[in-house]
Amino acid sequence: LFIGRFDATSAIKPGGAMKATRFGLKYTTGKPPVKFMGYYKYKRGDVFTNRQKKVVEGKKDYGTIYAVFYDNHDEEGNSVVLYGDNVQTSPQVVAIAILPDIDDTPEWTHFDIDFIYKKEVDVQKLKNMGYSMAIVSSSSVEGASFMGAIGSTLWVDKFRITCEKE
């Protein structure tokens, strides 16, 4: 589950699967994000497999939830979107709030995590919607690499992002 677009045309092209998920929407609040909150529960699948669908003995699946605040234009002013292979690692990432390695959690559990900033926010760019926000929830932390356990399930509810106060 993610905020953004899925491009089915890219997904069916050879080598295009990573470009099919286009993470994020323009950020319009006018204040930088500071916290990401919500609820989750998680049930791990039984058998972890790699991208060739081969069982990886002894490896367990984990879920993840994260929010990424990023610059939606590069140095030359070209529009930028993040994909499955760079949503957490792109140089465009300004801040990230991540709940990694979610283990079996049978009860609804609250999370409240801070955005960790990697760069300064440009106030003028913020006013002009020059940033985007991506929120991603995955039942397999390695799902973007097509690895995980069939049957892993992540339930999410009541996501909330709080912003810097004036």
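Odds and ends about this structure:
- Exposure rank, largest accessible area first [Met37, Met129; 1.4 Å]: Met129, Met37
- Dipole check for the range 23-166: with +1 at the C-beta of Lys and Arg, -1 at the C-beta of Asp and Glu, and the Cα centre as origin, the magnitude is about 300 Debye.
- Only lysine pairs 8 or more places apart, or on different chains, with alpha-carbon atoms under 22 angstrom apart are counted in the range 58-166, and they number 6.
- Heavy-atom surface of the chain, accessible at 1.4 Å and reported per residue (Å²): 59 Å²
- The Rg/Rh ratio of the chain, with both radii computed over alpha carbons and Rh defined as the Kirkwood radius, is 0.99.
- Protection proxy ranking, highest mean first, for peptides 139-145, 118-124: 139-145, 118-124, where packing is the per-residue count of other beta-carbon atoms within 10 Å, averaged.
- Residue separation of Ile150 and Lys59 scaled by 0.36 nm, minus their Cα-Cα distance, works out to 31.5 nm of gained length.
- Heavy-atom accessible surface of the chain: percent carbon and sulfur, 1.4 Å: 52 percent
- Helix-only [θ]222 nm of the chain, DSSP H runs n ≥ 4, -39500 (n - 2.57) each, per residue, nearest 500: -1000 deg cm²/dmol
The values are calculated or read from the model by the stated rules, or taken from the named source; none is laboratory data. All of these numbers come straight from a predicted model, not from anything done at the bench. Note that we place each Cβ from the backbone using ideal geometry, even for glycine, and neighbour counts take in every protein chain shown. Accessible surface areas use protein heavy atoms only, side chains included; no ligands, DNA or RNA. Shrake-Rupley method; radii C 1.70, N 1.55, O 1.52, S 1.80 Å.
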